[in-house]
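Please treat every number below as a calculation from the coordinates, not as lab data. None of the values given here were measured: they were computed from a predicted structure. Every residue, glycine among them, receives a Cβ derived from its backbone with ideal geometry; neighbour counts consider all protein chains shown.
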């Protein structure tokens, strides 16, 4: 692998924290760097805005940006070292279904079970910011 991928998530979301911790456990070869967008310099490193990250998780890898369900699928594929995982997402119908499911989960994430949010942990270096748990259905062009 030529470079490490950067997975950016909402550090004030317990469900999101649980999801990225699961992906991190799959990443035995440390192909991913997982960072809450509220941590210093994360937005600059990812070339994202606060508006971008309030709507979805992002994966930045080899100069490309993946958003929402595409980001999660690509991150899992990288963590497992299997590009076929992301190929499955690209199958017509599967992508639309996963994008819809991602949007539904993201819009309801504040009511879903999680763990203690990364940014609410005493050792985090997150900035205190207002976050929104509601996002609209948006499709990502790959």
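Among the residues of region 105-123, how many are farther than 19 Å from residue 38 by Cβ and loosely packed, with under 14 Cβ neighbours inside 10 Å? Walk me through how you get there before you give the answer.
Keep residues of region 105-123 that are farther than 19 Å from residue 38 by Cβ, which gives 105, 107-108, 111-113.
Adding the requirement that they be loosely packed, with under 14 Cβ neighbours inside 10 Å leaves 108, 111, 113.
Residues meeting the conditions: 3.
Touching a helix residue (DSSP H, G or I) at 6+ places or on another chain (Cβ under 9 Å) and crowded, with 17+ Cβ neighbours inside 10 Å: does that describe residue 31? Yes: the conditions hold for residue 31. For region 29-51, the set of residues classified as in a helix (DSSP H, G or I) and within 19 Å of residue 102 (Cα to Cα) consists of 51 only.
Counting the residues of region 11-28 that are assigned to a loop (DSSP other than H, G, I, E, B), out of contact with any strand residue (DSSP E or B) (no Cβ under 7 Å at 6 or more places or on another chain) and crowded, with 16+ Cβ neighbours inside 10 Å gives 3. Figure legend. Inter-residue proximity from region 49-62: first residues within 13 Å of residue 75 (Cβ to Cβ), second residues assigned to a loop (DSSP other than H, G, I, E, B), beta-carbon distance below 7 Å, spacing 6+ or different chains. Indicated pairs: 56/68; 56/135; 57/68; 58/48. With respect to the conditions (1) in contact (Cβ under 8 Å) with a residue 12 or more places away in the chain; (2) surrounded by fewer than 18 Cβ atoms within 10 Å (Cβ to Cβ), residue 72 lacks only one, and its number is (2).
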